[in-house]
1. Hey, any hits in segment 204-227 for a residue that's touching a Gly at 6+ places or on another chain (Cβ under 8 Å) and among the charged types (D, E, K, R)?
2. Specify the residue that is surrounded by the most Cβ atoms within 10 Å (Cβ to Cβ); the eligible residues are those in segment 98-125 that are among the aliphatic types (A, V, I, L, M), in a loop (DSSP other than H, G, I, E, B) and over 17 Å from the mean Cα position of the chain (by Cα).
3. I need a count of the residues in segment 71-86 that are under 28 Å from Thr135 (Cα atoms) and surrounded by 13 or more Cβ atoms within 10 Å (Cβ to Cβ).
4. Across segment 213-236, which residue is nearest to Gly255 (Cα to Cα) among those that are hydroxyl-bearing (Ser, Thr, Tyr) and outside any loop (DSSP other than H, G, I, E, B)?
5. Restricting the search to segment 188-225, which residues are among the β-branched types (Val, Ile, Thr) and under 17 Å from Trp56 (Cα atoms)?
6. Would segment 8-15 turn up any residue that is surrounded by 11 or more Cβ atoms within 10 Å (Cβ to Cβ) and touching a Gly at 6+ places or on another chain (Cβ under 9 Å)?
7. What strands (runs of 3 or more DSSP E) lie completely within segment 1-87 and have 3 or more residues being at pLDDT below 95?
8. Taking the options Ile233, Ile205, Ile253, Ile211, name whichever one is in contact with a Leu (Cβ under 6 Å, 6 or more places away or on another chain), at pLDDT 95 or above and among the hydrophobic types (A, V, I, L, M, F, W, C).
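The values are calculated or read from the model by the stated rules, or taken from the named source; none is laboratory data. Remember, it's a predicted structure, so these values are computed and weren't measured experimentally. Please note: Cβ atoms are built from the backbone with ideal geometry, for glycine as well, and neighbour counts cover all protein chains shown.
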Amino acid sequence: MNETNAANAGRELIERAFEDRSLLTRDDVRQAVLSAIADLDAGRVRVAEKGADGEWRVNTWLKEAILLYFGIAPMELSDIGPIAWHDKIPLKKNLDEGGVRLVPPGAIRYGAHVEKGAIVMPGYVNIGAWVGSGTMVDTWATVGSCAQIGRNVHLAGGVGIGGVLEPAGARPVIIEDGCFIGSRCIVVEGALIEEEAVLGANTVITASTPIIDVTGPEEVIYKGRVPPRSVVIPGVRQKTFPAGTFGLPCALIIGQRKASTDRKTSLNQALRDFGVQV
């Protein structure tokens, strides 16, 4: 059986077992699950991929493999000196061979792939996630399960990138290449931040957050995605309820990145040019 046929056979076993968990007692099914997680860890496969048409597609069977993995992995005690873990999933190993810098007490879980040249400060990268080269996961930033973080991205301190493991067919959070995500931002519920966008500090993007482009004569509203090269800040819009008028959170697109601010080292100044906190 060639490599492609073996992969397809493993996929079929995983899809069948996801519908009928009793199949997890079979050795071939368990091996298919373990092989899928190993492939995710090595970066041979990804939970979501961008096609030639620019659209992201979810490899649902890989998310199913992760969910099945939780069912077959035993709880194990592991420790490094005085620090101990008791979990089903071990930490990622051989970081030196992979060219990844991980600063203690940061953690990358097995089943996540981090490309050579990425840096993880004392943050966290969960199973199924993919982090591109040149990316910085800064202090106390978290990359949730299956999130896809592009190359040359900066996730500033305390950023929360949500995990989307269930339902298995749902799109994970995606941060495309060259984005800058400011301190304490939250991006969840499968939101898509397109290439080279900038989120100012404390911006919250969910599937239902109104993302309002206020740069033209009339507002343009997006939901679930931030267009490429947008500069975004937190905002509030007023809405009247029976009890009165209250401000509801939104996000405001206040400009576009310029060629002079493309380099990561210039992003802080770019945000200040727009009056944005970082």
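1. no
2. Narrowing segment 98-125 to residues among the aliphatic types (A, V, I, L, M): 100, 102-103, 107-108, 112, 114, 118-121, 125.
From what is left, the residues that are in a loop (DSSP other than H, G, I, E, B) are 100, 103, 112, 118, 121.
Remaining after also requiring over 17 Å from the mean Cα position of the chain (by Cα): 100, 103.
Details: Val100: 21, Val103: 13.
The qualifying residue surrounded by the most Cβ atoms within 10 Å (Cβ to Cβ) is Val100.
3. So the answer is 1.
4. Within segment 213-236, the match that is nearest to Gly255 (Cα to Cα) is Ser230.
5. Quick first cut of segment 188-225, residues among the β-branched types (Val, Ile, Thr) only: 188, 193, 198, 203-206, 209, 211-212, 214-215, 220-221.
If the condition is that a residue be among the β-branched types (Val, Ile, Thr) and under 17 Å from Trp56 (Cα atoms), then Val188, Ile193 are the ones that fit.
6. no
7. Here the list reads 76-80, 83-87.
8. Answer to the check: Ile233.
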